[in-house]
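Scroll down for the structure; my scribbles are underneath it.
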Amino acid sequence: MKIVVIQGPNLNMLGIRDQNIYGPMKLEDIHSQMKGFADKNQIDIEFFQSNLEGEIVDRIQECIGDADGIIINPAAYTHTSIAIRDALSAVQLPAIEVHLSNIHQREEFRHTSLTAPVCAGQIVGMGPFGYHLAMVGMTQILNEVKAMKQAQQAQQQMQNQAKQ
């Protein structure tokens, strides 16, 4: 099981930028906590951060055949990027959108997420703990997908045996 964590613009500035909104924790610390969870649960995890929309689109597309799920904080692109939304939709992998702050309590232009409708879920306002919740949620989703595939394979085998 492999999860790719994609971080959008300015998240490399966590711990410096607007600590009253985003808190004092640095992105590296969040990733370290996520890696700890992944290691304990035998999950491969990869981290990617970019301030450039096209690079984020490219990384999402690279997940095809390489990852089982995506945890994404598109940051400001949440509210503007049809390209990121289209990429998430195209790869057909489960994705969970995470935001440190509660975007629904902030400026009006932040209330609409273009990416959330193509994600399995959205976690907002939980600070760095939101990434832990996303790991738990993604693990559950991927385990359910695995169980469903196994059930389908078992049913197919039974059908093939019945034909013989």
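Read-outs throughout are calculated quantities, based only on the coordinates presented, and are distinct from any laboratory measurement. Everything quoted here is computed from the prediction, not taken from an experiment. FYI the Cβ positions are ideal-geometry reconstructions off the backbone, even for glycines, and counts take in every protein chain you see.
For residue 66, the shell of other residues with beta-carbons less than 13 Å away shows a net charge of -3, using +1 for Lys and Arg and -1 for Asp and Glu.
For the Cα atoms of the chain, what angle does the longest principal axis make with the long axis of helix 82-91, in degrees from 0 to 90, nearest 10? For helix 82-91, the angle is close to 20 degrees. Taken along the Cα-to-beta-carbon direction at a fixed 7 Å, the label points for residue 108 and residue 61 span 3.6 nm.
Filter the GluC sites (Glu not before Pro) in the range 11-96 to those in DSSP coil with at most 13 other Cβ atoms within 10 Å of their Cβ, and list the result. Walk me through the numbers on the way to the answer.
Values: sites: 28, 46, 53, 55, 62; in loops: none.
Passing sites in the range 11-96 do not exist.
Name the residues of the range 28-57 whose amide N is less than 14 Å from a point 7 angstrom out from the Cα of residue 12 along the C-beta direction? The answer is 28, 48-56, whose backbone nitrogens lie closer than 14 Å to the label point. Of the residues 26, 40, the one with the fewest other Cβ atoms within 10 Å heads the list, and the complete ranking is 40, 26. Counting lysine pairs in the range 2-163 whose alpha carbons fall under 15 angstrom apart, excluding pairs fewer than 8 residues apart on the same chain, gives 4. For the range 67-128, the square roots of the Cα gyration tensor eigenvalues, ordered a ≥ b ≥ c, give a/c of at least 1.5 with a/b no greater than b/c, which places it in the oblate category. Between residue 71 and 4, 5, 6, 96, the built amide H atoms are under 5 Å apart, and every one of these is 5 or more places off in sequence or on another chain. Net charge of the neighbourhood of residue 138, taken over other residues with C-beta under 11 Å away and scored Lys/Arg +1, Asp/Glu -1, is -1. Electrostatic bookkeeping for residue 118 treats Lys and Arg as +1 and Asp and Glu as -1; over the other residues with beta carbon under 15 Å from its beta carbon, the sum is -1. Shape of the range 7-91 from the C-alpha gyration tensor: oblate (a/c of 1.5 or more and a/b not above b/c, with a ≥ b ≥ c the square roots of its eigenvalues).
Rounded, prolate or oblate for the chain? Axes are the square roots of the Cα gyration tensor eigenvalues, ordered a ≥ b ≥ c, and the cut-off for rounded is a/c under 1.5. Because a/c hits 1.5 or more and a/b exceeds b/c, the chain counts as prolate. Rounded to the nearest whole Hz, the Karplus-based 3J(HN,Hα) values (6.51 cos²θ - 1.76 cosθ + 1.60, θ = phi - 60°) of the range 37-46 follow the sequence 4, 4, 4, 5, 10, 6, 10, 7, 9, 9, with x at glycine and proline.
I'd like the orientation of helix 53-62 relative to the chain: the angle between its Cα long axis and the longest Cα principal axis, in ° from 0 to 90, rounded to 10. In the chain, helix 53-62 runs at an angle near 20 degrees to the longest axis.
Backbone geometry of the range 137-144 corresponds, through the Karplus equation with coefficients 6.51, -1.76 and 1.60 at θ = phi - 60°, to 3J(HN,Hα) couplings of x, 5, 4, 4, 4, 5, 5, 5 Hz, x marking Gly and Pro.
Taking the range 66-164, which GluC sites (Glu not before Pro) meet the DSSP loop condition and have no more than 11 other C-beta atoms within 10 Å? Numbers along the way, then the final one.
Details: sites: 97, 107, 108, 144; in loops: 107.
Filter output for the range 66-164: 107.
Under 5 Å from the amide H of residue 45 lie the amide H atoms of 3, each residue being 5 or more positions distant or on a separate chain, with H modelled from the backbone and absent for Pro and chain starts. Fewest neighbouring Cβ atoms within 10 Å first, the residues 5, 124 line up as 124, 5. If I take R0 = 30 Å and measure r between the Cβ atoms of residue 37 and residue 150 in this structure, what FRET efficiency does the formula 1/(1 + (r/R0)^6) give, to the nearest 0.05? Given R0 = 30 Å and the Cβ-Cβ separation, E is 0.80.
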